[in-house]
Amino acid sequence: MTLTGACPGTVLVQIATGIRSGYFAFVGGLLGGTLYSVAKPYLVSAPGSQAAKDVKDEPRTVQQYVGVREERLVLFYEGFLVLVLALASLTQRAENVLFPPVVGGLLIGVGQVASLVLTGSAVGVSSAYEQLGGAAKRAWGYISGSGEKSGPRPAYNSIAFAGGIVLGSWVLSQALDFKVPGGEAPIADSTAILGGLIMVLGARIAGGCTSGHGISGMSTFSIASIISVAAMFSGGMGLALFI
């Protein structure tokens with residue numbers, strides 16, 4: 001994310017709004033998704049294996065781990081978020097933005113609700129890169145004659161969701177005249193490709209990206225999501241100190 005200036009979801013917005021580095025980061029993301037689809041059998045425990053059973057038996061949410069009632073946990077979490085908003089209000093605000101950050105966050109929350117109502121799934125976009133990479137892997141298998149002739153039909157729902165993000169961003173950018181806050185970041189094409197590859201590969205190994213873990217996973221108090229988000233920020237800020 002530090003190398004690309006984006007996450008797997010905002011790369012799609014950058015493509016729709018014509019930001020050059022977004023195109024190259026997307027290419028890198030496709031490479032990362034393809035690499036993960038090839039390496040997945042070696043990275044994910046097979047269903048029914050002892051390793052998979054051990055993971056399944058571990059507590060998966062904060063309330064399961066500490067034994068706190070979910071209602072109390074929700075109140076504590078909401079209070080924490082209000083504190084974060086209060087502290088964030090003291091920082092310098094970006095110019096040329098369509099909505100205040102709080103309004104934008106509320107709209108993202110509305111998008112989460114819409115996703116749950118319309119698809120039954122929470123927001124998350126990194127799986128689209130894996131599905132695209134898997135499609136490329138299968139296409140190569142058929143071309144080379146080594147492809148599977150049977151099996152379950154591949155899922156492409158995340159690809160459709162990603163396509164909706166691009167379309168919605170393009171429509172909004174055409175309907176409203178706005179500029180990128182601070183201008184377009186000077187990111188080299190090779191850096192954007194490398195960053196996109198690492199970003200998507202890491203997101204798929206972690207089982208989600210900033211939207212999947214940061215928005216959806218954190219909202220359900222997932223322990224894995226809390227760890228993943230902490231790693232995202234610490235890794236990004238740590239790398240920023242050296243480049």
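The values are calculated or read from the model by the stated rules, or taken from the named source; none is laboratory data. Here the structure is a predicted model, which is why all the values come from computation and not from measurement. Counting neighbours? That spans all protein chains shown, and the Cβs are built from the backbone with ideal geometry, glycine included. Just so you know, the surface numbers come from the protein's heavy atoms only, side chains and all, with ligands and any DNA or RNA stripped out. Shrake-Rupley method; radii C 1.70, N 1.55, O 1.52, S 1.80 Å.
Computed quantities for the displayed model
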| read-out | value |
| --- | --- |
| Check on L83, assigned to a helix (DSSP H, G or I), at pLDDT 85 or above and closer than 19 Å to A224 by Cβ | no |
| Segment 218-233: number of residues that are touching a residue at least 24 places away in the same chain (Cβ under 8 Å) and surrounded by 23 or more Cβ atoms within 10 Å (Cβ to Cβ) | 0 |
| Answer from Q112, Q92 - the residue that is within 22 Å of A6 (Cα to Cα) and open to solvent by 100 Å² or more (accessible area, probe 1.4 Å) | Q92 |
| Identity of the residue in segment 95-109, outside any helix (DSSP H, G or I) and in contact (Cβ under 8 Å) with a residue 60 or more places away in the chain, that ends up most open to solvent (accessible area, probe 1.4 Å) | E95 |
| Subset of segment 150-178 that is under 15 Å from L132 (Cα atoms) and in a loop (DSSP other than H, G, I, E, B) - its residue that is modelled with the lowest pLDDT | R153 |
